[in-house]
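The values are calculated or read from the model by the stated rules, or taken from the named source; none is laboratory data. Owing to the predicted nature of the structure, the values given are computational and were not obtained by experimental measurement. Heads up, the Cβs are rebuilt from the backbone with ideal geometry, glycines too, and the neighbour counts pull from every protein chain shown. Accessible surface is based on the protein model in full, side chains and every heavy atom, while ligands, DNA and RNA are left aside. Shrake-Rupley method; radii C 1.70, N 1.55, O 1.52, S 1.80 Å.
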Amino acid sequence: MSLHFRHTWQRLRESLWFVPGLLVLGACGLAYGLITFDTRTSFNGAKRFPLLFGAGAEGSRGMLTAIAGSMLTVAALVFSLTLSTISQVSSQYSPRVLRNFMRDRGNQVVMGYFVGVFTYCLAVLGTIRSADEQKFVPSTAVLGGLVLALGGVAALIYFIHHIAESLQTGTILHRISRETAHAIDELYPAGVGEPAAAPMPPPEYSAGRIQTVYAKKTGYVQQVDADALLDWATEHNVFVRLEQKVGAFVVEQDQLARLQPDNPADQALSEDDIDGLRACVTLALHRSIEQDVAFGLQQLVDIALKALSPGINDTTTGIMAVDHIGRLLQQLAGRPFPAQLRAKEDQPPVCW
């Protein structure tokens, strides 16, 4: 998976519109499928099961209108509660933890469910015809709307439970700690190439042969595609030294990396070739935990400091945050740190 695709997928996961948008599209597809089933099959549910499928045109319209109105109202309530929760968490714990709530899959699915049911009801409602208009009532689709409305009751109960649980201090700290622990497994390039034999850059390292790579935009170094960077260095036969670490703030025209050709006779790389190196480093507006262990620890430290501030004075929360910090430091202490110089076969090393 390319770094650009991973970064795009991460942004979609953290948005409040992607999953609801997919569910709305799914609701439109479900409405189309059930309406098509009612128009192209000989199944007559109104005669076989009159209690389930026997609603007439006016009754079906009234029921779908009521469901659509109630679903839209509940969807607005869900969005309001989510925004209120985000505001409360930001002021009580740390603004850095907002990302965890925005990417919460349970909240996104519940929002999308209610908006999707509303869209479904509108789609089915537009196909109902009375006797004066060549009578047509998609009885199966109308029954589907009723089933979705009953599912909305369960979704609302789940959402209330989920939002209350997600506000608990232990849940917030556990999520941050879990993501940071996963980042510890992914951050260090232990599985990228092989450790280079030389403990330092090659002896012929010369300042006159260095080619500097500058950043083209401003942002935080969010991710580095280690495999692609090693392949790029191998392909162009150069030694790469990254001047910025993951989590660092880079200003446009800051030094991003330095290149040294393995062969003194090699020409300087073109701008198109250097763009391939820039593509291995993602710059974004904010930091993320995926490859940034320090950012995960910083979130826990922020929560501890906010809890111990005079305005809050919550020592228990501070102690819990310190407990999770200790757990992550213990994991780091037991992890063998890989060598900074990585190499692929007999090619020049890459310095991380």
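Just a few scattered comments:
- Annotation note: Cβ proximity below 6 Å between a residue of the stretch 64-75 that is more than 14 Å from LEU150 (Cα to Cα) and a residue that is open to solvent by 10 Å² or more (accessible area, probe 1.4 Å) and part of a helix (DSSP H, G or I) (sequence gap 6+ or interchain) occurs for LEU72/PHE118; ALA75/VAL115.
- For the stretch 141-151, a tally of residues being farther than 14 Å from GLY59 by Cα, in contact (Cβ under 8 Å) with a residue 60 or more places away in the chain and open to solvent by less than 30 Å² (accessible area, probe 1.4 Å) returns 2.
- Whichever residue in the stretch 308-324 is open to solvent by less than 70 Å² (accessible area, probe 1.4 Å) and farther than 17 Å from ASN100 by Cβ and, among such residues, is modelled with the lowest pLDDT: ILE312
- Some residue of the stretch 263-272 being surrounded by 16 or more Cβ atoms within 10 Å (Cβ to Cβ) and outside any loop (DSSP other than H, G, I, E, B): no
- Those residues of the stretch 69-78 which are open to solvent by less than 70 Å² (accessible area, probe 1.4 Å) and either of a type in the set (D, E, K, R) or under 19 Å from HIS161 (Cα atoms) (or both), in sequence order: MET71, VAL74, ALA75, ALA76, VAL78
- Any hit, the stretch 115-129, residues being free of Cβ contacts under 8 Å to residues at least 60 places away in the same chain and crowded, with 20+ Cβ neighbours inside 10 Å: yes
- Pairing residues of the stretch 297-321 that are free of Cβ contacts under 8 Å to residues at least 12 places away in the same chain with residues that are acidic (Asp, Glu), at Cβ distances under 9 Å and at least 6 apart in sequence or on separate chains, gives LEU308/ASP314.
- Any hit, the stretch 166-175, residues being at pLDDT below 90, under 30 Å from PHE118 (Cα atoms) and surrounded by fewer than 19 Cβ atoms within 10 Å (Cβ to Cβ): yes
- Taken over the stretch 4-22, the criterion of being in a helix (DSSP H, G or I) and not basic (Lys, Arg) is satisfied by HIS4, PHE5, HIS7, THR8, TRP9, GLN10, LEU12, PHE18, VAL19, PRO20, GLY21, LEU22.
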